1. From the mean inverse distance of alpha carbon pairs (Kirkwood) and the Cα radius of gyration, derive Rg over Rh for region 1-57.
2. Suppose R0 equals 30 Å; then what is the FRET efficiency for residue 30 and residue 56 from their Cβ-Cβ distance, rounded to the nearest 0.05?
């Protein structure tokens, strides 16, 4: 079921290593910095996609003439 790199024991080991490196006091600051970075990345990505959509030529549908019988 849990095959690959993210097995529960691996996740616990990663958490222990992070706690050793940063310490429990700095862990909230590290999380906040990562959250801000992720938020800025998403904002930049969405603005880049909006600019890309603005550059695409707009297709205007033509009105078909209707024939009445």
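We did not get these values from a lab; they are worked out from the coordinates using the rules stated. All figures in this text were calculated on a predicted structure; none of them were measured in a lab. Reconstructed Cβ throughout: ideal geometry from the backbone, glycine too, with neighbour counts over all protein chains shown.
1. On the way: Rg = 18.1 Å, Rh = 14.5 Å.
Result: Rg/Rh = 1.25.
2. Values: r = 40 Å, r/R0 = 1.32.
Working from the Cβ atoms, E equals 0.15.
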